[in-house]
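The values are calculated or read from the model by the stated rules, or taken from the named source; none is laboratory data. Since this is a predicted model, take the numbers as computed values, not measurements. Positions of Cβ are generated from backbone atoms using ideal geometry, with glycine treated the same way; all protein chains shown enter the neighbour counts. The protein model used for the area step is the full one, side chains on, heavy atoms only, and it has no ligands, DNA or RNA in it. Shrake-Rupley method; radii C 1.70, N 1.55, O 1.52, S 1.80 Å.
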Amino acid sequence: ISSIGEEMNEIASDLNATMPNRLSSESNEKGTAKVMTLAEMANDLLIQMEDISGVSDRYSSMRGNVAYELRNANLLPTSHHYDLAITAFVNAATVARDTNYSSPATNNAPYVAQRWLQRMETLAFDPYSGVSPSVDSYYHVMEAYASLGNGAAAIPANKNRAPILAQAVYDKLKENTNLIPTVREHRLLIRAWSNSTCKEAAYKAMGLWMNMLRLFRAGDEEMEPRLEDGKMVLEAWSRAINKHSARRAQTVLNAMEKLVSHKKTEVRPDLDCYTYVLIAMSRSKVPDV
């Protein structure tokens with residue numbers, strides 16, 4: 001995991017260079033491939049820990065063949081180990097997006113991350129396992145899925161699939177009675193839906209934004225919508241092919257203005273917000289808007 005962090009820092013440095021060149025591009029590709037290899041090594045080590053400690057005896061999906069005399073209960077994985085494995089594959093997915101690198105392994109990385117999340121959910125039913133997913137566990141898997149739809153190398157079909165998969169993980173988080181979603185998950189999903197070309201993308205993004213607004217009005221200050229949150233929703237409506245686009249965009253803009261006029265926030269709509277509403281109006285098929 002430490003090696004992944006070092007490799008990602010080098011890649012980030014190259015990506016932020018003012019004069020990127022062919023050599024830095026090739027270096028980034030090699031770096032991304034190395035991050036993926038390191039994630040797979042972390043994956044194999046966790047499987048070995050499960051196998052040697054005896055955890056895999058109860059779950060056949062990843063069972064190995066370790067002789068009984070080699071068992072060692074001290075290698076029992078904790079939540080920390082599972083979260084590290086999840087983070088490893090999330091990092092592989094996000095760095096592949098940032099470097100526009102694509103391979104079967106990096107495309108599959110989010111699914112491996114979710115497999116470990118599901119393992120944590122299963123182990124959480126056992127009170128003696130000491131393993132349970134946290135909000136971070138769910139967020140990181142959502143982050144991995146959201147990365148599928150971004151980047152120049154993204155598979156076109158993934159632009160639609162990414163927010164759906166991230167939303168499914170979020171829904172599982174909401175079902176967990178021991179955890180409460182934070183503003184971070186809301187913002188990630190708003191961004192994922194806003195980047196999507198799904199027919200219902202703007203509706204989904206708006207629903208999440210309105211939920212943030214409702215929670216903020218109810219006293220949860222963490223849920224205060226930022227300007228960027230509202231702009232993403234408005235931009236989604238400006239692209240939507242829907243006869244209600246203009247009205248929906250106006251609803252969001254009016255809500256933003258009302259927050260300011262009621263002195264609930266200092267986040268004021270900017271010129272871009274009004275531009276997106278005008279675009280939605282111009283594209284709307286409703287004549288009386």
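Some observations on this one:
- When the trypsin sites (Lys or Arg not before Pro) in the range 168-214 are filtered for DSSP coil states and for at most 15 other beta-carbon atoms within 10 Å of their beta-carbon, the remaining sites are Lys199.
- Protein-only accessible surface at a 1.4 angstrom probe places the residues Cys273, Cys198 in the order Cys198, Cys273, largest first.
- Residue pairs exceeding 18 angstrom between C-alpha atoms, taken from Lys204/Lys264; Lys199/Lys258; Lys204/Lys258; Lys204/Lys231; Lys174/Lys204: Lys204/Lys264; Lys199/Lys258; Lys204/Lys258.
- Thr275 exposes around 60 Å² of accessible area when a 1.4 Å probe is run over every protein chain in place.
- Trypsin sites (Lys or Arg not before Pro) within the range 233-263: DSSP coil, no more than 13 neighbouring Cβ in 10 Å: Lys243, Lys263
- Once the Cα-Cα distance is subtracted from the 0.36 nm per residue extended length, the Leu15 to Lys258 segment shows a gain of 83.4 nm.
- Using heavy atoms of the protein chains and a probe of 1.4 Å, the accessible area assigned to His80 is about 110 Å².
- Going by accessible surface with a 1.4 Å probe and the largest first, Ile11, Ile241 read Ile241, Ile11.
- Rolling a 1.4 Å probe across the protein heavy atoms gives the chain an accessible surface of 53 Å² per residue.
- Carbon plus sulfur fraction of accessible area for the range 142-255, probe 1.4 Å, in percent: 51
- Cα gyration tensor category, rounded, prolate or oblate, for the range 236-289 with a/c compared to 1.5: prolate
- Other residues whose C-beta falls under 13 angstrom from the C-beta of Leu15 contribute a net charge of -4, scoring Lys and Arg +1 and Asp and Glu -1.
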